[in-house]
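Student: Before I ask anything, here is the structure I am working with.
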Amino acid sequence: MEQQLEDLQKQANKELAEVSDASALEAWRVLYIGRKGKLPELLRGVKDLGDEEKRVIGKAANILKRTLEEAYSVKQESFIASAPNKLMKALPAGRQVQANEASVGHLHPITLTIERVQNIFAAMGFIIADGPEVEEARYNFDALNIPSDHPARGEGDTFMIDPKSVSGEQDVVLRTQTSPMQIRSVETMRLTPPFYVIAPGRVYLREKVDATHESTFYQFEGLGIGEDITIADFKGVIAAFFSTFFQKDVTVRLRPSYFPFVEPGFEVDMSCVFCAQKGCRVCKYTGWIEVMGAGMVHPNVLKNMNIDPTKYQGFAFGGAIDRLTMIRHGINDIRMFWSGDIRFLRQFSNCHSGPRAGIHVDAGSSPA
Ligand code: DAH
């Protein structure tokens, strides 16, 4: 009987190796390990054996049973894994993709940066807020102390939503910045100081598209309000952020600048992470890379948040996700992000942003 088991194993293995599709595999299963198959039939003979033989043969037969079942599932899995391959071959020429690449996707480089930014700020105690891309002009401009005659509000820079397509009197635009999330976050979450919010998202500008300008791009807005928050706090937070983001010791410098919703306002530069400030092409031989706009929140904006500017103060900042991604990965053309070029995107298949951390809040929705 031992010989019979051995023969059965040899025969089953030989035939399994020749199996090339799912129906042949099923036929093999029925023939060998199915209820009325050859192995169960052999096993039925075990009960007629003497005690010692029963023990030895019974054990060998059980091992064979498990071996064959395992061989069966391995074969079955190999069919499942190669199934997309067949599907891909059926696609029109030029659209063929390797099965192993098509079956497992990965995150877009912009998404990777967004998650990386969120995770770092979440670790510092910031709430992550999400908000609408179709935005009321009062959030995008008015509440941010941008007067109605400001040039940025014109059709030259801003995508306007046809008033006929929205109810009510309000002007509606595609948000030109993530800054409206400052007021929205405070309103929807009913935040009272101290609080820290980070709001990454997509924004739109009516720009001529070239290697460094897109009409659709991404920003992250930050807001920190409390009783005695100073520019030094901002500098510390933002140096910690960039140091963590680039995994290098980064220092920041502030240059005076103007944004209507902050006073004072500044441009933020970080020390070049590529040349240790010795000067290179990335920093244009200055040792510094311009990375965001920021400032201390304007009293009028605090009032629009229903926060008493005589008691509280804080910082706000806005950075470009696309630009950070380009700096980090050495990408020299912003248009690659929307190109849909799979050869570009595949280069990020091994990049990870770590597990999603922090508290995510949906802070408001588009006007209907
Ligand atoms: N919203 C500005 C822009 O799109 C960036 C910015 C500047 C955001 C200063 C801020 C800030 O919060 O304080 O250019």
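Student: Scan the stretch 227-266 for residues that are in contact (Cβ under 8 Å) with a residue 24 or more places away in the chain, touching a helix residue (DSSP H, G or I) at 6+ places or on another chain (Cβ under 7 Å) and part of a loop (DSSP other than H, G, I, E, B) and report the count.
Tutor: Of the residues in the stretch 227-266, 2 are in contact (Cβ under 8 Å) with a residue 24 or more places away in the chain, touching a helix residue (DSSP H, G or I) at 6+ places or on another chain (Cβ under 7 Å) and part of a loop (DSSP other than H, G, I, E, B).
Student: Can you name every residue in the stretch 8-39 that is surrounded by 11 or more Cβ atoms within 10 Å (Cβ to Cβ) and more than 21 Å from VAL74 (Cβ to Cβ)?
Tutor: Scanning the stretch 8-39 gives no hits.
Student: Now, a different point. Quick one: which helices (runs of 4 or more DSSP H) sit completely within the stretch 1-103 and have at least 2 residues that are among the small types (Gly, Ala, Ser) and modelled with pLDDT of 85 or more?
Tutor: Qualifying helices (runs of 4 or more DSSP H): 2-18, 22-32, 51-89.
A quick yes/no check of all residues on (1) over 17 Å from SER185 (Cβ atoms); (2) outside any helix (DSSP H, G or I); (3) not polar (S, T, N, Q):
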position: LYS303; (1), (2), (3): no, no, yes
position: ASP308; (1), (2), (3): yes, yes, yes
position: PHE315; (1), (2), (3): no, yes, yes
position: GLY319; (1), (2), (3): no, yes, yes
position: ILE331; (1), (2), (3): yes, yes, yes
position: ARG343; (1), (2), (3): yes, no, yes
position: GLN347; (1), (2), (3): yes, no, no
position: SER353; (1), (2), (3): yes, yes, no
position: GLY364; (1), (2), (3): no, yes, yes
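Here is a yes/no grid of residues against (1) within 29 Å of the chain's Cα centre (by Cα); (2) among the polar types (S, T, N, Q); (3) at pLDDT 95 or above; (4) crowded, with 20+ Cβ neighbours inside 10 Å:
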site: ARG255; (1), (2), (3), (4): no, no, yes, no
site: VAL262; (1), (2), (3), (4): no, no, yes, yes
site: VAL291; (1), (2), (3), (4): yes, no, yes, yes
site: PHE315; (1), (2), (3), (4): yes, no, yes, yes
site: ILE321; (1), (2), (3), (4): yes, no, yes, yes
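Student: Can you report the number of residues in the stretch 171-188 which are near the ligand (Cβ under 9 Å from one of its atoms), buried (at least 24 other Cβ atoms within 10 Å of the Cβ) and assigned to a loop (DSSP other than H, G, I, E, B)?
Tutor: 2
Student: Yes or no: the stretch 207-226 includes at least one residue that is over 28 Å from ALA152 (Cβ atoms) and in contact (Cβ under 8 Å) with a residue 60 or more places away in the chain.
Tutor: Yes; the residues of the stretch 207-226 include at least one that is over 28 Å from ALA152 (Cβ atoms) and in contact (Cβ under 8 Å) with a residue 60 or more places away in the chain.
Student: For residues that are more than 21 Å from VAL282 (Cβ to Cβ), surrounded by 21 or more Cβ atoms within 10 Å (Cβ to Cβ) and either of a type in the set (Ser, Thr, Tyr) or away from the ligand (no atom under 14 Å from the Cβ) (or both), tally how many sit in the stretch 212-245.
Tutor: Residues in the stretch 212-245 being more than 21 Å from VAL282 (Cβ to Cβ), surrounded by 21 or more Cβ atoms within 10 Å (Cβ to Cβ) and either of a type in the set (Ser, Thr, Tyr) or away from the ligand (no atom under 14 Å from the Cβ) (or both): 0 in total.
Table: residues versus (1) closer than 29 Å to LEU223 by Cβ; (2) within 16 Å of the ligand (Cβ to nearest atom); (3) buried (at least 17 other Cβ atoms within 10 Å of the Cβ).
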residue: CYS275; (1), (2), (3): no, no, no
residue: VAL297; (1), (2), (3): yes, yes, yes
residue: LYS303; (1), (2), (3): yes, no, no
residue: LEU345; (1), (2), (3): no, no, yes
residue: ARG356; (1), (2), (3): yes, no, no
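Student: Pairs needed: first member in the stretch 50-74, over 15 Å from GLU15 (Cβ atoms) and free of Cβ contacts under 8 Å to residues at least 60 places away in the same chain; second member anywhere, outside any helix (DSSP H, G or I) and among the small types (Gly, Ala, Ser); C-beta distance under 9 Å; at least 6 residues apart or different chains.
Tutor: none
The values are calculated or read from the model by the stated rules, or taken from the named source; none is laboratory data. Just so you know, these numbers come straight off a predicted model, no measurement behind them. Quick reminder, even Gly has a Cβ in these numbers, built from the backbone with ideal geometry, and neighbours come from all protein chains shown.
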